[in-house]
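Down below is the structure, laid out as structure tokens.
The values are calculated or read from the model by the stated rules, or taken from the named source; none is laboratory data. Small disclaimer: the values here were computed from a predicted structure and weren't measured. Neighbour counts run over all protein chains shown; Cβ positions are idealised from the backbone, glycine included.
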Amino acid sequence: MEKKILFLMIIGVLFSCNKNDDNDAENELVGNWKLIQMTGSIPNSETYGTEMEWQETYVLNANRTFLKSRDRDGITTEVSGTYNFINNSNEPIIELNFDTESEIIGSCISNMKEIMNLQSETIFLSSWNACDGPGLKYEKIN
């Protein structure tokens, strides 16, 4: 009887640890993310900071909503939606689903969805460059 209880406790701990790891990773996403680098299809075409064509941020909220904001030539455009964190074994991704169409959505798969590859706890990369869009690198700023 004691072995069964011990076995059930071990199984419970293992499953709760896996869920907490995913929750911890999701909680790390919450905050402000800023575009820090743009890369074109031409070698050595990286731009940084004010040299980039536009400035851009994402605000990811704990309730799985987000706001994307782009400032280009003094005009600020904003669009919002919901996001999902997908922790697959190869590379964790953030799937951003927009509420409305907008010219600032950069995507290969749909006009209403972006996929970001989570490179580390503080860096994510847009997948837009897979279909001739610019390579976009974002850093968590808080």
Review point. Can you spot a residue in segment 32-46 that is assigned to a strand (DSSP E or B) and more than 19 Å from Pro134 (Cα to Cα)?
Key: yes
Selection over segment 131-142 where residues are among the hydrophobic types (A, V, I, L, M, F, W, C) and either free of Cβ contacts under 8 Å to residues at least 12 places away in the same chain or surrounded by 14 or more Cβ atoms within 10 Å (Cβ to Cβ) (or both) yields a count of 1
Picking from Leu29, Leu35, the residue that is at pLDDT 95 or above, hydrophobic (A, V, I, L, M, F, W, C) and within 12 Å of the chain's Cα centre (by Cα) would be Leu35
Screening Glu56, Glu114 for residues that are of a type in the set (D, E, K, R) and touching a helix residue (DSSP H, G or I) at 6+ places or on another chain (Cβ under 9 Å) leaves only Glu114
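So in segment 41-76, with the set limited to residues that are of a type in the set (Ser, Thr, Tyr) and surrounded by fewer than 14 Cβ atoms within 10 Å (Cβ to Cβ), which one is farthest from Leu118 (Cα to Cα)? Outline the logic, then answer.
If we filter segment 41-76 for residues that are of a type in the set (Ser, Thr, Tyr), which is where we start, we get 41, 45, 47-48, 50, 57-58, 65, 69, 76.
In the following step, the residues that additionally are surrounded by fewer than 14 Cβ atoms within 10 Å (Cβ to Cβ) were identified as 41, 45, 47-48, 50, 65, 76.
Details: Ser41: 21, Ser45: 22, Thr47: 21, Tyr48: 20, Thr50: 24, Thr65: 17, Thr76: 26 Å.
Among those residues, the one meeting the criterion is Thr76.
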